[in-house]
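Only the coordinates and a few stated rules stand behind these numbers; no lab work does. Just so you know, these numbers come straight off a predicted model, no measurement behind them. Note: ideal-geometry Cβ built from the backbone for every residue, glycine included; neighbour counts use all protein chains shown.
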Amino acid sequence: MPDQTPTTNTTSDAPASPPENGHPQNGSPHDIDSTAEKSQDDLGVFERYLSLWVALCIAVGVAIGQLIPAVPNVLGEMEVAKVNLPIAVLIWAMIYPMMVQVDFKSILGVRRHPKGITVTVVVNWLIKPFTMFGFAWLFLKGIFAPLIEPGLASEYVAGAILLGAAPCTAMVFVWSYLTDGDAAYTLVQVAINDLIMLVAFAPIVAFLLGLSDVIVPWDTLLLSVGLYIVIPLAAGYLSRTWLIQAKGEEWFDNVFLERLGPVTMVGLLLTLVLLFSFQGEVILQNPLHIVLIAVPLIVQTFFVFAIAYGWAYAWRVPHDIAAPAGMIGASNFFELAVASAIAMFGVTSGAALATVVGVLVEVPLMLTLVRIANATRPQFERRTAAA
């Protein structure tokens, strides 16, 4: 679990400034290894066994959907532009703890790391959608063709394309937080991806699906940007400013952020319970096909992360920039993908099921990538220090 110290040093040009997030950049390898070990030692039982809690929450969510269907039925109807409001509130709870750490002065410092932005943009828009199509076609219409009816396989590929063309907007803040990523950089890379998504999502999907008229739920896209970016960012800025003025920066760093720490994880786990209470019936009715759909999605996730993270390593990009750059490409904007699949193909379509499988596999996969990123932090920092 990362420390709670906000990243506030990105604007300083003084060579003697302390590195962001407290990680030594010019220290000895022993110092770097000690920092990594200390970070692991600081993990509590809750954080150390997060994967177990995730599995339990998925099971609880499916059980609620089966045993108390009134709960997901009522909560599922609370939608605006196909955005579920209870889910939006929980995602907001996950994002706010990171947004409140953003020092707006530090956003200007992002321009000092153009390599990180380059990795993000190239991987997300020139590589990811096309590799997703390739892996989905290879497995679902090639290797698994004897197990899936051809028309249904085409719908599954369509759902995978929708996932591949929608890089993560909301949850990437959680993955960045867990890897001690630079909060200001994460905010900027998400904002850039949102702007590109507004103009690139429909053409890429249309090209890969071979359709002439793609229905893109623009109201869903715009509302999601407002809910997951604008509102928590404004709330974080206003509350940060007020609390520092009222209580002082030391209290804000050491007391407020410490108390706020568990909110992100609680929000994540409750989101899983709710999501899988909505989708439990679909999952239980299609066990084999869910496994088949999951295979190319899993391969794609690791493949894209390896490209972005490996590229960042080769370019000597700092770890707190490289980790978010790898995470945003590996994860997906599943709210937009699910909404698009429903709008284009229908709620009971194979495309909609494929996007739901994307939700099913994303959190366990991303937690695995978080572990990989945290475990390789010392190698990144040694390479950065050597540069």
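Of note:
- Sequence of 297, 227 once ranked by neighbouring C-beta atoms within 10 Å, starting from the fewest: 227, 297
- At R0 = 25 Å, FRET efficiency that the Cβ-Cβ distance of residue 66 and residue 299 yields, to 0.05: 0.25
- Note on region 254-387: Kirkwood radius taken over Cα pairs, Stokes-Einstein applied at 10 °C and 1.306 mPa s, translational D equal to 94 µm² s⁻¹.
- Relative packing of 361-371, 194-204, which averages over residues the other C-beta atoms within 10 Å, highest first: 361-371, 194-204
- Rounded FRET efficiency, nearest 0.05, which uses the C-beta distance separating residue 291 from residue 254 and R0 of 51 Å: 0.65
- Annotation for region 273-330: chymotrypsin sites (Phe, Trp or Tyr not before Pro) lying in DSSP loop with at most 16 further Cβ atoms inside 10 Å of their Cβ are 315.
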